[in-house]
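Readers should treat all values here as calculations from the given coordinates under stated rules, not as data from a laboratory. As the structure is a prediction and not an experimental result, all values here were calculated from the model. Glycine gets a Cβ as well: all are built from the backbone with ideal geometry, and neighbour counts include every protein chain shown.
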């Protein structure tokens, strides 16, 4: 917070994204939480992430998300054609799924990416992940 999140920086970065990467490249604004050797820094306020997302969208970017905070609107995917909710996300839970053959059910706008016919059921469950597989002393977390 306060390091690279001024309106001017966000406008410039958003313009660069749009001009050099295109409107359909996803951009995730992720909250910082103090930890380890950076306990002297403050957490990112949700309003900062919401503001960053709004600035990026105002520059024509279609798929801009907020993360590491609870923000269903900022974590969901919206149709750039008609503005309808396409994929509702609430933390790790999927809600509405308004895609059909990779297109918006409301207006038929083609959405870049690969999509299943129906939303998955991953949810907020935890699974062990083995790091450094095959290395002596590797642990599951």
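Between residue 8 and residue 39, full extension at 0.36 nm per residue minus the direct alpha carbon distance yields a gain of 8.5 nm.
Remark: 70, 62 ranked as 70, 62, counting other beta-carbon atoms within 10 Å and listing the fewest first.
Relative to the current alpha-carbon distance between residue 58 and residue 30, full extension at 0.36 nm per residue lengthens the span by 8.2 nm. Extent of segment 1-74 along its three principal axes (Cα atoms, max minus min coordinate, largest first): 36, 25, 18 Å.
The candidate values are [x] 28, 25, 14; [y] 46, 35, 15; [z] 24, 15, 14; the one derived from this structure for semi-axes √(5λ) of the Cα gyration tensor in Å carries the label [x]. Full extension of the chain between residue 82 and residue 127 gives 12.5 nm of extra length, using 0.36 nm per residue less the Cα-Cα distance. Simple spin-label estimate for residue 91 and residue 115 gives 2.5 nm between the two label positions (7 Å along the Cα-to-Cβ direction from each Cα). Here segment 57-108 is treated as a sphere whose radius is the Kirkwood value from Cα pairs; by Stokes-Einstein at 37 °C and 0.692 mPa s it diffuses with a coefficient of 286 µm²/s. Taking label points 7 Å from Cα along the Cα-to-Cβ direction, residue 72 and residue 47 give a separation of 2.3 nm.
If you take every DSSP beta bridge fully contained in the chain, what fraction is antiparallel? Give it as a percent rounded to 5.
If I count the DSSP bridges inside the chain, around 70 percent turn out antiparallel.
Here the residues 105, 114, ranked from fewest to most Cβ neighbours within 10 Å of their Cβ, fall in the order 114, 105.
Listed from fewest to most Cβ neighbours within 10 Å, the set 131, 49 follows the order 131, 49. Volume per residue of the convex hull around the Cα atoms, evaluated for segment 1-41, comes out as 84 Å³.
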